[in-house]
Each structure stands twice: as structure tokens, then as C-alpha cells.
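**Student:** What follows is a structure written as C-alpha cells; I'll ask about it next.
The values are calculated or read from the model by the stated rules, or taken from the named source; none is laboratory data. Being a predicted model, the structure only gives us computed values, none of them experimental. FYI the Cβ positions are ideal-geometry reconstructions off the backbone, even for glycines, and counts take in every protein chain you see. Remember, those area values only see protein heavy atoms, side chains included, never the ligands or the DNA or RNA. Shrake-Rupley method; radii C 1.70, N 1.55, O 1.52, S 1.80 Å.
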Amino acid sequence: MDLRQLRYFLAIVKEGQITRAAKALNMEQPPLSRQLKLMEEELGVTLFDRDGKRLRLTHAGELLRQKAESLLHQFNESMQEVKELDEGVQGVLSIGAVVSCISLLPQRIETFREKYPEVTFRIWEGDHFLLGEQLEKRSVELIVARLPFEASSESQSYAVRPLPSDPFVVVIPGKWLPDPAQETIRMQELADFPFLTLKTDRTTGMHDRVVTECRRHGFEPRIICECSSVAVIIAMVAAGLGATVLPKSVMTAFPLPSIRTLPLSDADFQSDVGILWLNNRYLSRAARRFIDHFLE
């Protein structure tokens with residue numbers, strides 16, 4: 001069995017049919033069917049159960065899929081490492097970022113490309129679990145996320161480089177402030193405000209930290225909306241529906257005149273941020289340079 005056959009096998013897995021897989025591989029169906037038969041004969045197992053026109057992996061087929069994907073990733077990374085020996089910093093760098101960290105990327109990407117103009121970027125946005133899956137599948141090389149990283153996997157080990165802590169600030173409709181010149185706000189002043197929090201179905205870390213801080217100051221926040229989108233929360237604040245507490249860096253991307261961003265005068269709690277990647281995995285030269293640049 002060789003890498004070519006493994007690629008054929010994974011194409012069949014992806015398409016679920018030999019006909020569609022052959023079309024995707026730009027080859028005829030009979031040769032692809034023969035290759036699958038040869039693989040099953042060589043291994044002495046059945047790789048697919050036939051369910052009408054659909055092909056479904058057997059237990060043996062699923063094990064081979066996992067091993068084949070891992071082998072091909074290792075092969076591709078090895079080829080990339082060898083090619084980069086005599087090449088400059090170039091290629092496509094895929095980065096994942098949680099929604100509250102997207103604002104950290106534009107300026108750093110701009111200055112990075114001034115130094116390395118041959119590097120282009122592919123950005124994935126999602127929660128910790130989605131980005132953890134993309135990292136394990138090698139769809140992204142790096143993740144920028146709030147810490148702790150909630151999608152920590154027992155099967156994977158992450159390398160983490162912390163970034164400077166990001167202070168939480170109160171984001172409030174400007175018309176709610178009796179004094180337009182007010183420059184700070186106390187936690188207790190939030191007790192009577194309708195509250196908006198950033199939360200997804202699977203990641204609750206930031207929501208929990210804000211609620212815990214409210215309780216530490218003696219009140220239960222009156223939450224009227226939990227939302228996974230920073231943009232939606234800020235739009236709701238701008239419409240006068242509620243106040244929220246977010247990391248300060250988030251607000252650099254939303255300079256709206258109808259809202260005010262105020263530091264807390266009686267609460268010093270921070271959001272920890274880090275850049276993560278998989279341990280024991282080859283990082284492209286562009287990824288290594290970007291980590292160094294990000295931390296400068």
C-alpha cells in the first residue's frame with residue numbers, strides 16, 4: 001500500500017461514493033474500484049459497508065481513515081519542512097481566533113506583512129471547541145484565544161504562549177450616563193442595568209468570570225441576553241438595550257459614538273489571552289515568525 005492508495009481511500013471516505021470520488025480525483029471509476037479492492041485484499045479486511053449507493057466505513061475502515069490522515073499530514077509537513085530549507089518566509093498561514101480576539105489580529109497582520117509580504121492569511125473564527133478541532137485536523141496552525149483554553153483535549157498537548165492580560169471594561173449606552181464627562185464606573189452601578197453577556201453553547205469562561213465578579217460585589221446581574229457574537233452584543237448596547245463587560249481590546253474594532261467604554265474603578269480583573277499550537281507538530285516558518293511577531 002502506498003500514499004497514492006491512501007489518498008484514493010480518503011477521497012472515497014469524503015465523497016461516500018466511488019463514482020463521486022473518481023470524479024473528484026479526475027479518474028475513471030473502474031480503476032478506483034480496483035484500487036479499493038486491492039487495498040481490502042492486501043489488508044484482509046472490509047473497509048466499507050455498502051448501503052445502496054452509499055459507502056459507510058467499517059470499524060477497520062475508520063481505523064485506517066485515522067491512520068491515513070495522520071500519515072498524510074506527516075508526509076505533507078515533512079515535504080513543507082524540506083522545501084522551506086532554501087525558501088524565504090512565504091505561503092498561506094491559517095490562524096484560528098475566538099470572536100473576542102479577532103480585534104487583536106488586523107494590526108499585527110499588517111505589520112507582519114510589511115516584513116514578510118509573501119505570506120497570505122486564512123482566518124477561522126469560532127469557539128474553543130471548533131478551533132481545537134480545526135487545529136487537530138491541521139486546518140489551522142495557530143489559535144489566538146482567551147485562557148484557559150476550554151477545548152483542551154486528552155489526546156493532544158498544546159503549547160501556549162501568554163500575551164499581556166487584557167483588562168475588562170464596561171460598555172454602556174452613552175445616554176445612560178448622567179454625567180457625560182464620567183471617566184470610570186463602579187461595579188455596583190451595574191446592579192440595576194439590563195445585562196448582555198458573551199457566551200456560546202460550549203464556552204462559558206468569560207460569561208462565568210463576569211458573573212462571578214458581579215456576585216463578589218454583592219449583586220446578581222440581570223441578564224437579558226446571552227450571545228455568541230461580539231458584534232451583536234455591541235449593536236444591542238448601541239441600541240440602548242443593555243450594558244456589557246468585555247475585554248478592552250475588543251472595543252478597538254467598534255468606535256461607535258453612541259456607546260461609552262469605561263474602566264472599572266473598583267474591580268481589577270483581567271482577561272488572559274494566549275497564542276496556542278499543537279506540541280510535537282511541525283510549524284511552518286511563517287507560523288514561527290508570526291508567533292515571535294505577535295509577542296513583540
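**Student:** Determine the percent antiparallel among the DSSP beta bridges restricted to the chain, to the nearest 5.
**Tutor:** Around 60 percent antiparallel, to the nearest 5.
**Student:** How far is the Cα center of the stretch 173-189 from the Cα center of the stretch 203-227, in Å?
**Tutor:** Their Cα centres are 19 Å away from one another.
**Student:** In whole angstrom, note down how far apart the Cα centers of the stretch 96-150 and the stretch 21-65 are.
**Tutor:** So the two Cα centres are separated by 35 Å.
**Student:** Here is a follow-up. For the chain, what does the relative contact order come out to in percent, with C-alpha contacts under 8 Å and a separation of six or more?
**Tutor:** Reported relative contact order: 22 percent.
**Student:** Give me the one-decimal nm value for the distance between modelled label points at GLU125 and ASP266, 7 Å along each residue's Cα-to-Cβ direction.
**Tutor:** Calculated label separation equals 3.6 nm.
**Student:** Can you tell me the Rg and Dmax of the chain, counting just the alpha carbons, in angstroms?
**Tutor:** Both quantities, over Cα of the chain: 24.7, 80 Å.
**Student:** Right, here's the next one. Using the heavy atoms of the protein chains alone and a 1.4 angstrom probe, what is the accessible area of the stretch 148-296 per residue in square angstrom?
**Tutor:** 49 Å²
**Student:** What is the gain in length, in nm to one decimal, between ASP2 and ASN279 on full extension, counting 0.36 nm per residue of separation less the C-alpha to C-alpha distance?
**Tutor:** Gain on extension, ASP2 to ASN279, equals 97.0 nm.
**Student:** If you don't mind, another one. What length, rounded to one decimal in nm, is gained on full extension from GLU69 through to GLN90, with 0.36 nm per residue of separation minus their alpha-carbon distance?
**Tutor:** Full-extension gain reported as 5.1 nm.
**Student:** Also, quick follow-up: Could you look at the stretch 209-296 and say what percent of its accessible area is carbon and sulfur, using a 1.4 Å probe and all protein chains?
**Tutor:** Ligands and nucleic acids excluded, carbon and sulfur reach 51 percent.
**Student:** Ignoring ligands, DNA and RNA, what percent of the 1.4 Å accessible area of the stretch 1-75 is carbon and sulfur?
**Tutor:** Reported share for carbon and sulfur atoms: 51 percent.
**Student:** Put +1 on the Cβ of each Lys and Arg and -1 on the Cβ of each Asp and Glu in the chain; which of ILE12, VAL273, ASN26 then has its Cα farthest toward the positive end of the dipole?
**Tutor:** In the chain, that residue is ASN26.
**Student:** Also: Could you work out how far helix 105-115 tilts from the main Cα principal axis of the chain, as a 0 to 90 degree angle to the nearest 10?
**Tutor:** Once rounded, one gets 60 degrees.
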